[in-house]
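K.L.:
Handing you a structure now.
The values are calculated or read from the model by the stated rules, or taken from the named source; none is laboratory data. Note that the coordinates shown come from a computational prediction; the quantities given were computed from them, not determined experimentally. Note that we place each Cβ from the backbone using ideal geometry, even for glycine, and neighbour counts take in every protein chain shown. For the accessible areas, the whole protein counts, side chains as well, though only heavy atoms, and no ligand, DNA or RNA atoms are used. Shrake-Rupley method; radii C 1.70, N 1.55, O 1.52, S 1.80 Å.
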Amino acid sequence: MQVMEAREELESAEGEEVKALMEANAERVEKVTAELEDAIGREDWAQAKRSVIQLRYWESFKRAGQGMEVDH
């Protein structure tokens, strides 16, 4: 749900709003990456899988936002 809400915000954002959303996304990517590293270190493969899925969503968000930064 969080990804869908963020994506909707991104679609209606302009200028500085896009930049702020991208900065927030960078923080999410860092957090999920740390969670993934921790899960791998603990050999918690179920959590690692969930983290990879989240990371893919946020990376997709990043690509969409990068396109908007160029457009605006």
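K.L.:
Just flag the GluC sites (Glu not before Pro) in the stretch 1-55 sitting in loop per DSSP whose Cβ has no more than 16 other Cβ atoms within 10 Å.
P.N.:
Here the sparse-neighbourhood loop sites are Glu14, Glu43.
K.L.:
What accessible surface, in Å², does a 1.4 Å probe find on Leu55, ignoring ligands, DNA and RNA and rounding to the nearest 10?
P.N.:
Surface open to solvent at Leu55 totals about 30 Å².
K.L.:
While we're looking at this one, here's another question. Round to the nearest 10 and report in Å² the accessible area of Ser12, as given by a 1.4 Å probe over the protein chains' heavy atoms.
P.N.:
Per-residue accessible area (Ser12): approximately 90 Å².
K.L.:
Here is a further query. Can you give me the angle between helix 45-71 and the longest principal axis of the chain, using Cα atoms only, in degrees from 0 to 90, rounded to the nearest 10?
P.N.:
On a 0 to 90 degree scale, this one is about 20.
K.L.:
Quick one: dipole size for the chain, taken about the Cα centre, charges +1 on Lys/Arg Cβ and -1 on Asp/Glu Cβ, in debye to the nearest 20.
P.N.:
Working: 10 positive and 18 negative charges, 83 e Å.
Charge dipole, the chain, about its Cα centre: 400 debye, nearest 20.
K.L.:
So what does Lys49 come to for accessible area, using a 1.4 Å probe and Å² rounded to 10?
P.N.:
140
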